[in-house]
Every structure is written in C-alpha cells, then in structure tokens.
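Asker: If you scroll down you'll find the structure; I have some questions about it.
The values are calculated or read from the model by the stated rules, or taken from the named source; none is laboratory data. In this text the structure is predicted, and so the values were computed from the model without any measurement. Cβ sites come from the backbone with ideal geometry, for glycine too, and all protein chains shown count toward neighbours. Protein only, heavy atoms only, side chains kept; ligands, DNA and RNA dropped before computing areas. Shrake-Rupley method; radii C 1.70, N 1.55, O 1.52, S 1.80 Å.
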Amino acid sequence: MAVDEINHHPDFDFSFTPHVRDPRGVITEYHTVCDDLIRNAGVEHIVGCYTSASRKQVLPIVERTDRLLWYPARYEGFECSDNVIYVGASPNHNVLPLVRYMLDNISRHVFCVGSNYVWTWETNRVTRELVTAAHGSILAERLLELGESAVDHIVDEIVRRKPPVVFNTLVGSSSYDFIRAFHAATTAAGLDIPMLSCSLCEPELKIVGPASAGCITSSAYFESIRLPENRAFVHLWKARYGEASSPSVDGQSAYVAVYLLARALRRAGTSNIGEVRRAAAGYRYNSPQGPVWIDGDNNHCVLTPRLAVSNTQGQFDLFWEAEAPVRPDPYLTQLDVAAGSARETSRNGSSPSAPHLRVVK
Amino acid sequence: MSIVRRQFERLGIDIFTWGPGGPLECQPDVALIDDEFLPLASPARALPGRCPVIALLGTETPSRLKLVLELDPASFLVKPLRSAGIYAALVMAFERTERTNELKQQVAKLEDRLRSRRVVLAAVLQVMHSHSVAEPAAFALIRRTAMEQRKTIEQMSAEIAANGSLPRATG
C-alpha cells in the first residue's frame with residue numbers, strides 16, 4: 001500500500017521495486033530469504049521481520065553486507081545495530097507506561113502470564129523491577145510454550161487466587177485461547193479482574209471475539225486515533241483491504257517504515273546506506289500514529305506511547321497518551337525504577353521538544 | 001555448530017554434543033552451552049560439573065543474561081559464531097578457571113586460619129600462664145617450637161591446647 005502510494009506520488013521522483021519474500025514465520029527461512037534478496041535480487045533496503053528470533057537471523061547478513069533492515073515491530077530492546085532502523089516501539093514506550101498505569105491506578109500485585117520466549121522474559125523482568133520498587137509483588141509468573149492451547153490450569157489458578165490484575169504477554173493463538181477461557185471463567189465466578197497487554201491489536205480482537213473487551217493495552221498505534229493522517233490512512237486501508245479489515249499496529253508500522261525509507265531516500269538523494277541513515281535521523285514524518293522520527297543516536301523511533309481499553313466493537317477506546325513524542329531508550333538507561341510516572345513523563349517529554357535542533361553531520 | 005566443530009578439530013579438541021535431557025557420557029574439559037537451552041533441566045544442571053563453561057549468547061537482554069550468569073561462565077561467544085574468537089574464548093575460559101580455582105584455594109586456607117584463631121589464642125594464653133611471660137614472648141615461643149617440629153602454628157597451637165602444656169623445648 002505504501003509502496004503503491006509512493007510510486008504514484010508526484011513528490012517522489014523515484015519508484016520502489018518491491019521484491020516480496022515470505023518466510024512464513026519459519027525462523028531458519030529468514031536467513032535464506034534475506035541472503036537471496038541481497039545476493040540475487042540486489043536489494044539494499046529490507047522492510048520486515050516480526051519476532052526477535054527472525055530479526056536475529058537477518059542481522060548478521062545485513063551487517064556483513066551493509067544493508068538496512070527497516071524493522072516495524074515493537075520489541076524488548078537491548079539491541080542497537082547500525083544496519084537496522086527500529087521503527088516500532090522501544091520498551092520505554094511500551095511496557096513502561098502500562099506498568100506505571102497499573103501501579104498508580106489498579107494494583108501493585110500482579111499475576112503474569114506469557115509465552116516462553118524473550119519478549120515475555122524481558123517484559124516480566126522490567127515489570128518485576130518496577131513492581132518491586134513500588135513495594136508490590138509478582139504473584140505468579142506462568143509461561144506457556146509458543147502455540148500452546150492448554151490454558152485451563154492457569155485460568156483455574158487465577159480464579160482460585162483472585163489476583164487484582166493479570167498481565168498477559170502471551171502471543172498468537174495461546175493469547176486468544178487464554179483470553180476466551182479467562183473471560184468465561186471469571187464471568188462464571190463473578191470476578192472482575194482487569195487484564196493488561198502490550199501487544200493486542202484490532203485484528204486480534206476480531207479473532208478472539210466479544211471476550212476480548214476490557215483489555216487495557218499499550219501501543220503506539222490504535223485504529224481509533226483521532227488524527228487527520230490516521231483517518232485518511234484507515235480510509236485507504238479499508239478501500240484496499242475491505243470495509244471489515246482493520247490495520248494493526250504492525251501493519252501501520254510497516255507502512256510508516258516504508259514512508260520513513262522513502263522520505264530518507266528523497267532527502268539523501270541517493271540509496272547509499274550511510275547517507276540514507278543520516279537523512280532519516282531527526283526527519284519528522286506526520287504518520288497515521290502522529291509525528292515520528294528516527295533518533296540518530298540509536299536508530300530507534302521517537303513516537304507517542306498510548307494506552308487504551310478494548311471495547312465490544314473490536315476497537316480500542318484511548319484514555320491516555322504522552323504529551324509529546326518520547327525518545328526511544330532501547331537499553332532503558334533512563335529508567336529510574338523508584339521514580340513516579342509523573343517525573344519520568346516530564347523528563348522524557350521535555351527532551352524531544354526541540355527535535356529540529358538536531359545537528360546532522 | 002559446524003564452525004565450532006571445524007575450529008575444535010584444528011585445535012585437536014574432541015567434541016561431544018549433548019542435547020537437553022540426554023545423558024552425558026564423558027567428563028568434558030570445557031562445556032559450550034547455548035543460551036537457547038537455558039535454564040538447563042535439573043538432571044542436566046550438574047552435568048558440566050567443575051569444568052569451565054563458555055556461554056553462547058543469542059541475545060543481550062538482561063533476563064537472559066541472568067540465566068547465563070547462573071552457569072558462572074568463564075567466557076562467552078556471541079552468536080552467530082565465527083571462527084575468530086573461539087580460540088581466545090577457550091584460552092580465556094581455561095585461564096579464568098585456573099585463577100578462580102587458585103583464589104578458591106587461597107580463600108579456603110584463609111578461612112581455615114580464621115577458624116583456628118581461637119585455638120592459637122587459647123595456646124598463647126596457656127603458655128603465658130605456664131611460663132609467666134607476656135603475649136609476644138609466648139607467641140614467639142610457640143612459633144619457634146612449631147618451626148622446630150615442622151608444623152604450622154595452628155597445628156602446634158591445637159596440640160598445646162589439647163595437652164595443656166608446651167612440648168619440652170629442645171633448643
């Protein structure tokens with residue numbers, strides 16, 4: 001969609017030739033496919049990868065051959081390659097506001113359920129640090145293998161122990177099975193336990209069905225964002241993929257990634273990797289999710305964190321967003337676990353208020 | 001893994017591969033452990049025993065590093081593995097383990113001495129009493145006797161404390 005728009009847009013005096021490969025989520029395929037794209041198709045810029053495991057497969061090749069990977073997904077941080085532009089949310093955008101909100105407004109005692117892989121491990125670690133600093137506790141940390149559908153023992157435990165809040169970092173079908181079983185069991189038991197997520201998106205709400213309502217979610221993008229850029233984007237999305245289709249945060253982020261790439265190419269006037277990277281740094285783009293730009297210090301995206309709660313119509317009702325775009329902090333070096341949310345927001349909010357003063361060498 | 005295999009063959013190191021849960025049929029001199037398999041299942045946990053561990057890191061997230069640190073690795077390599085670095089990691093692992101073992105022995109010796117301080121004190125008091133001498137003279141006497149009998153001060157003190165008197169001076 002973004003490629004077609006750019007190829008037909010008079011503002012861009014070049015066009016993209018997409019070479020599409022689908023590794024189908026098979027981790028080892030990513031290496032093969034990326035190698036083929038670079039070696040045989042002569043590709044310079046790659047937009048893609050979702051899981052960290054797939055990114056780690058591609059990373060050595062793009063570094064060795066000096067290509068740029070435009071990675072649209074949010075991830076757990078603790079990586080910073082010169083050959084990757086991290087367009088999705090960093091952990092300080094994603095996990096931090098959600099856990100802060102939980103501590104301030106729901107409870108300091110949380111029951112964690114997640115998939116047994118790096119995203120959950122790391123999210124739980126950050127959660128544990130924040131919760132412990134606030135004198136709260138992790139009531140349990142239950143992990144399921146990816147794709148596991150046997151969720152009943154965990155739901156039973158939740159109903160029995162009645163935690164004040166559940167943090168769900170499951171991904172894919174495990175998450176859908178869990179949300180349905182959780183909803184059914186807590187409703188039957190007359191319990192009202194809030195659930196948190198930092199990955200749920202609109203297409204997933206549709207898959208899960210009505211049981212998905214009421215989930216407090218952290219994300220940089222929701223379909224319901226009230227910005228003219230987003231209205232136009234959603235309109236074009238539905239015209240292309242059907243009225244019933246909804247863009248996910250990741251779909252939107254891939255779109256943003258292609259635009260960031262196109263704008264950087266136009267600004268650099270060349271497809272040379274180093275010059276494109278420099279051109280992308282600090283170059284503001286009014287995207288569907290609001291103003292975004294790449295932080296030249298770490299190649300991660302400056303963006304606006306938001307919190308919303310899912311409703312019965314398969315949409316999210318926004319109830320909080322940062323006052324200004326927040327700088328990415330992939331290694332959480334700015335994280336002060338003892339600080340309250342207010343202090344951190346003001347500190348993070350103040351630094352990017354003068355983004356145009358960046359010196360581009 | 002083929003890179004490690006090739007590099008180890010060049011270095012004359014025999015390789016045994018061992019998967020999670022499987023039995024280990026050798027006493028390795030060094031173990032390479034992939035962070036993907038952490039935490040190790042409990043029967044496998046004891047397998048590497050006292051040999052140095054080289055951790056193979058796929059990610060630098062603190063949650064993963066914490067599990068890696070539980071192995072007390074002597075060295076590490078970052079995945080994807082390259083031939084460069086493997087030899088240095090091995091040398092570093094053996095050297096680190098040797099130095100750590102030396103330190104452990106030293107600590108054990110010091111702890112032993114610390115424990116026997118009470119015995120030395122008891123022996124000094126006994127000699128001060130029986131020989132009517134001051135503490136420095138009593139200690140010097142015990143030390144000289146220990147040297148003559150080719151014993152440590154601690155051993156000598158233990159004998160004095162047990163017998164209630166200094167062995168007859170020979171000099």
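Asker: For the pair A and B, how large is the buried accessible area, both sides, in square angstrom to the nearest 100, if the probe is 1.4 Å?
Answerer: Details: alone 15610 and 12050 Å², together 26940 Å².
Chains A and B together bury roughly 700 Å² of accessible area.
Asker: Give, rounded to the nearest 20 debye, the magnitude of the charge dipole that the protein assembly as shown has about its Cα centre when Lys and Arg contribute +1 at Cβ and Asp and Glu contribute -1 at Cβ.
Answerer: Value, rounded to 20: 1480 debye.
Asker: Also: Choose one of B:Ala162, B:Met92, B:Pro62: the residue whose Cα lies farthest towards the positive end of the charge dipole of the stretch B:36-171 (beta-carbon charges +1 Lys, Arg; -1 Asp, Glu; about the Cα centre).
Answerer: B:Ala162
Asker: Using a 7 Å offset from the Cα along the Cα-to-Cβ direction at both B:Val133 and A:Glu275, what is the distance between the two label points in nm, to one decimal?
Answerer: So the label points at B:Val133 and A:Glu275 sit 9.0 nm apart.
Asker: With r as the distance between the Cβ atoms of B:Cys51 and B:Leu125 and R0 = 60 Å, compute the FRET efficiency 1/(1 + (r/R0)^6) and round to 0.05.
Answerer: Details: r = 47 Å, r/R0 = 0.78.
After rounding to 0.05, the efficiency reads 0.80.
Asker: Treating the angle as unsigned and between 0 and 90°, give the value, to the nearest 10°, between the Cα long axis of helix A:27-39 and the longest Cα principal axis of chain A.
Answerer: Relative to chain A, helix A:27-39 is tipped by roughly 10 degrees.
Asker: Against the longest principal axis of chain A, how steep is helix A:173-188, in degrees 0 to 90 to the nearest 10, with axes from Cα atoms?
Answerer: 30
Asker: What three numbers, in Å, describe the spread of the alpha carbons of the stretch B:70-170 along their principal axes, ordered from the longest?
Answerer: Cα spread of the stretch B:70-170 along its principal axes, largest to smallest: 74, 27, 21 Å.
Asker: When all alpha-carbon pairs of the stretch A:1-157 are counted, what percent fall beyond 26 Å? Before the final figure, lay out each step's value.
Answerer: On the way: 5426 of 12246 pairs.
Pairs farther apart than 26 Å: 44 percent.
Asker: Could you state the angle between the C-alpha long axis of helix B:86-115 and the longest principal axis of the C-alpha atoms of chain B, as a value from 0 to 90 degrees rounded to the nearest 10?
Answerer: In chain B, helix B:86-115 runs at an angle near 20 degrees to the longest axis.
Asker: Could you give the size of the charge dipole of the stretch B:1-139 about its Cα centre, using +1 on the Cβ of each K and R and -1 on the Cβ of each D and E, expressed in debye and rounded to the nearest 20?
Answerer: For this selection, approximately 240 debye.
Asker: Let me understand the stretch A:97-214 better: what is its radius of gyration from the alpha carbons, and its Dmax, in angstrom?
Answerer: According to the Cα coordinates of the stretch A:97-214, Rg and Dmax are 13.3, 37 Å.
Asker: Provide the convex hull volume over Cα atoms per residue for the stretch A:139-191, in Å³.
Answerer: Details: hull volume 3.6 nm³, N = 53.
In the stretch A:139-191, the Cα convex hull volume per residue is 68 Å³.
Asker: Shifting gears a bit: Taking each residue in B:58-70, count the Cβ atoms of any other chain within 10 Å of its Cβ, then average. What number comes out? Could you put the intermediate results ahead of the total?
Answerer: Values: counts 4, 9, 5, 12, 10, 11, 6, 1, 2, 1, 0, 0, 0.
The per-residue average across the peptide is 5.
Asker: Sticking with this structure for a sec: Could you sort A:Phe14, A:Phe319 by accessible area so the largest value comes first, with the probe set to 1.4 Å? Can you show the working numbers first?
Answerer: On the way: A:Phe14 55, A:Phe319 85 Å².
Solvent-accessible surface, decreasing: A:Phe319, A:Phe14.
Asker: Based solely on its DSSP helices, what 222 nm [θ] is calculated for chain B when runs of n ≥ 4 H residues each add -39,500 (n - 2.57) and the sum is averaged over all residues, nearest 500 deg cm²/dmol? Write down the numbers at each step before the final one.
Answerer: Working: 7 runs with 92 residues, N = 171.
Calculated at 222 nm, the ellipticity per residue is -17000 deg cm²/dmol.
Asker: Binned at 20 Å from 0, what are the whole-percent values of the Cα-Cα distance distribution for the protein assembly as shown, short to long?
Answerer: Histogramming the protein assembly as shown at 20 Å steps yields 18, 42, 24, 11, 5, 0 percent.
Asker: Let me ask something else about it. State log₁₀ I(q)/I(0) for the stretch B:1-99 at q = 0.16, 0.19, 0.25 Å⁻¹ as given by the Debye formula over alpha-carbon point scatterers of equal weight, solvent excluded.
Answerer: Ignoring solvent entirely, the Cα scatterers give -0.67, -0.97, -1.66.
Asker: A follow-up question, please. So how exposed is A:Met195, as accessible area in Å² (1.4 Å probe, rounded to 10)?
Answerer: 10
Asker: Further, regarding this structure: Working with all protein chains in place, sort B:Leu166, B:Leu125 by solvent-accessible area computed with a 1.4 Å probe, largest first. Walk me through the numbers on the way to the answer.
Answerer: On the way: B:Leu166 25, B:Leu125 100 Å².
Putting B:Leu166, B:Leu125 in descending order of accessible area: B:Leu125, B:Leu166.
Asker: Going out from 0 in 10 Å bins, what whole percent of all Cα-Cα distances in the stretch A:1-58 drops into each bin?
Answerer: Histogram of Cα-Cα distances, whole percents per bin: 22, 43, 27, 9.
Asker: Something else: For chain B, state the semi-axes of the equivalent ellipsoid (square roots of 5 times the eigenvalues of the alpha-carbon gyration tensor), sorted largest first and rounded to whole angstrom. Before the final figure, lay out the partial values.
Answerer: On the way: eigenvalues 580, 54, 40 Å².
Whole-Å semi-axes of the equivalent ellipsoid: 54, 16, 14.
Asker: Over all pairs of distinct alpha carbons, what does the Kirkwood formula give as the hydrodynamic radius of the stretch B:1-43, in Å?
Answerer: Working: mean 1/r = 0.0847 Å⁻¹.
The answer is 11.8 Å.
Asker: Okay, next question. Within the protein assembly as shown, how many lysine pairs that are 8 or more places apart, or on different chains, have C-alpha atoms less than 26 Å apart? Can you show the working numbers first?
Answerer: On the way: A:Lys56/B:Lys66; A:Lys56/B:Lys79; A:Lys206/A:Lys238; B:Lys66/B:Lys79; B:Lys66/B:Lys104; B:Lys104/B:Lys151; B:Lys109/B:Lys151.
Lysine pairs satisfying the spacing and distance rule in the protein assembly as shown number 7.
Asker: Putting +1 on Lys and Arg Cβ atoms and -1 on Asp and Glu Cβ atoms, find which of A:Gly209, A:Pro18, A:Pro330 reaches farthest to the positive end of the dipole of chain A.
Answerer: The residue sitting farthest along the positive end of the dipole is A:Pro330.
Asker: Here's another thing I want to ask about it. Quick check: net charge around B:Asn101, other residues with Cβ under 14 Å of its Cβ, Lys/Arg +1 and Asp/Glu -1? The partial results should precede the final answer.
Answerer: Numbers: positive: B:Arg50, B:Arg96, B:Arg99, B:Lys104, B:Lys109; negative: B:Asp29, B:Asp72, B:Glu95, B:Glu98, B:Glu102.
Neighbourhood net charge equals 0.
Asker: With a 1.4 Å probe and all protein chains kept in place, how much accessible area does A:Phe182 have, in Å² rounded to the nearest 10?
Answerer: 10
Asker: Counting each DSSP H run of 4 or more residues in chain A as -39500 (n - 2.57), what helix-only mean residue ellipticity at 222 nm follows after dividing by all residues, to the nearest 500 deg cm²/dmol?
Answerer: Details: 12 runs with 148 residues, N = 361.
Theoretical 222 nm ellipticity from helices: -13000 deg cm²/dmol.
Asker: Counting pairs of Cα atoms in the stretch A:185-278, how many percent are more than 21 Å apart? Mind showing how you got there, number by number?
Answerer: Numbers: 2197 of 4371 pairs.
Here the long-distance tail beyond 21 Å is 50 percent of all Cα pairs in the stretch A:185-278.
Asker: Treating only the Cβ of Lys, Arg, Asp and Glu as charged (+1, +1, -1, -1), what charge dipole size does the stretch A:209-303 show about its Cα centre? Round to the nearest 20 debye. Walk me through the intermediate numbers first.
Answerer: Numbers: 10 positive and 7 negative charges, 67 e Å.
Around 320 debye, computed over the stretch A:209-303.
Asker: I need the phi-derived Karplus couplings for the stretch A:271-279: 6.51 cos²θ - 1.76 cosθ + 1.60, θ = phi - 60°, integer Hz, Gly and Pro marked x.
Answerer: Couplings: 9, 4, 4, x, 6, 5, 4, 5, 5 Hz.
Asker: Looking only at trypsin sites (Lys or Arg not before Pro) in DSSP loops with at most 15 other Cβ atoms within 10 Å, what is the longest site-free stretch of chain B? Write down the numbers at each step before the final one.
Answerer: Working: sites that count: B:Arg50, B:Arg82, B:Arg150, B:Lys151, B:Arg168.
The longest uninterrupted stretch comes out as B:83-149.
Asker: Shifting gears a bit: Normalised radius of gyration for the stretch A:63-145, please: alpha carbon Rg relative to 2.2 N^0.38 Å, two decimal places.
Answerer: On the way: Rg = 15.4 Å, N = 83, 2.2 N^0.38 = 11.8 Å.
Relative to the 2.2 N^0.38 Å estimate, the stretch A:63-145 comes out at 1.30.
Asker: If you don't mind, there's one more thing I want to ask. Could you rank A:Tyr331, A:Tyr117 by how accessible they are, 1.4 Å probe, largest area first? Mind dumping the intermediate values first?
Answerer: Values: A:Tyr331 90, A:Tyr117 40 Å².
Of A:Tyr331, A:Tyr117, the descending order of accessible area is A:Tyr331, A:Tyr117.
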